[in-house]
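Report on the structure given below.
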Amino acid sequence: MVAEYTLSAPLRDEDVEQLEIGDSVYLSGAAFTCRSRLHRYVFDEDHELPFSTNVRNMLIHTGPIVILKDGQWKLVSFMPTSSIRFEKWGARSVEEWGLKLICGKTTMGSRTIEMMKQKRCVHVSPRSVSPNLWVDAIRIEGVHLFDELGSIEAAWHLRLDRLGPFVVDIDCHGRNLFDGINRSVDENRKKALAELGISSCFGYTKLY
């Protein structure tokens, strides 16, 4: 049975251990944004992360559109991006930054999932096709590395007020919602091809 939770950072082990794949969650409290350039800056180029993640242990894979208006940062657009793009650094980010929750789209790979099991961390994806509708639930608290990485890739500090809903697609026991979905899709595909008399070796037309 699908359950619904509201989580508030800083998250504890017991907050995420109760979650199972398919559950709905809303997010409150302190979070920060991270894309590929910040990962490279810290893990490949050996810079220190210029802020503590002790109370800000929710990471959102997104590059928000933010403008400066009347001396205040204003969020214009918010859309989580595909987390699998950051698999190279996923396990290290969970371990070294003490993450308890990663928010993005799609999924993450086996190395990150194994570290999430060890460190008690979950991954969530938007249930909505348009999280831009949620901008009123997000307040910009500040930004780090704006000059070094640029607006999209900088580490934005966010204050969330029941942002969501999100679906838990990787829980801290290593279960992955997409594994079951992919198996179901593959089984349905095989049945459809058989009913239509199409070879299982069928592939898409190559244009180049």
Scanning the range 83-109 residue by residue, those buried (at least 19 other Cβ atoms within 10 Å of the Cβ), assigned to a helix (DSSP H, G or I) and either among the β-branched types (Val, Ile, Thr) or out of contact with any Ser or Thr (no Cβ under 9 Å at 6 or more places or on another chain) (or both) turn out to be 94
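Mind counting the residues in the range 85-111 that are β-branched (Val, Ile, Thr) and touching a Lys or Arg at 6+ places or on another chain (Cβ under 9 Å)?
Here is the first cut: in the range 85-111, the residues β-branched (Val, Ile, Thr) are 94, 102, 106-107.
Next, only the ones that are touching a Lys or Arg at 6+ places or on another chain (Cβ under 9 Å) stay: 94, 106.
Summing the residues that are β-branched (Val, Ile, Thr) and touching a Lys or Arg at 6+ places or on another chain (Cβ under 9 Å) in the range 85-111 gives 2.
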Number of the condition not met by residue 112 [criteria: (1) of a type outside the set (Asp, Glu); (2) surrounded by 15 or more Cβ atoms within 10 Å (Cβ to Cβ); (3) farther than 20 Å from residue 25 by Cβ; (4) touching a helix residue (DSSP H, G or I) at 6+ places or on another chain (Cβ under 7 Å)]: (3)
Could you count how many residues in the range 142-178 are crowded, with 23+ Cβ neighbours inside 10 Å and either touching a Gly at 6+ places or on another chain (Cβ under 6 Å) or without any contact (Cβ under 8 Å) to a residue 60 or more places away in the chain (or both)? 0
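Does residue 125 fit the bill of being over 30 Å from residue 3 (Cβ atoms) and either part of a loop (DSSP other than H, G, I, E, B) or within 15 Å of the chain's Cα centre (by Cα) (or both)? Give the steps one after another, and end with the answer.
Values: over 30 Å from residue 3 (Cβ atoms): no; either part of a loop (DSSP other than H, G, I, E, B) or within 15 Å of the chain's Cα centre (by Cα) (or both): yes.
When the stated conditions are applied, residue 125 does not pass them.
Among the residues of the range 1-54, write down those that are of a type in the set (Asp, Glu), in contact with a strand residue (DSSP E or B) (Cβ under 6 Å, 6 or more places away or on another chain) and either closer than 29 Å to residue 150 by Cα or not in a loop (DSSP other than H, G, I, E, B) (or both).
Matches in the range 1-54: 4, 15.
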Scanning the range 133-185 residue by residue, those more than 17 Å from residue 100 (Cβ to Cβ) and of a type in the set (Gly, Ala, Ser) turn out to be 137, 142, 150, 151, 154, 155, 180, 184
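Every number here is computed from the coordinates shown, using simple stated rules; none is lab data. From a predicted model like this one, the values you see are computed outputs, not experimental measurements. Methodologically, a virtual Cβ is constructed for each residue, glycine included, from the backbone with ideal geometry; neighbour enumeration extends over all protein chains shown.
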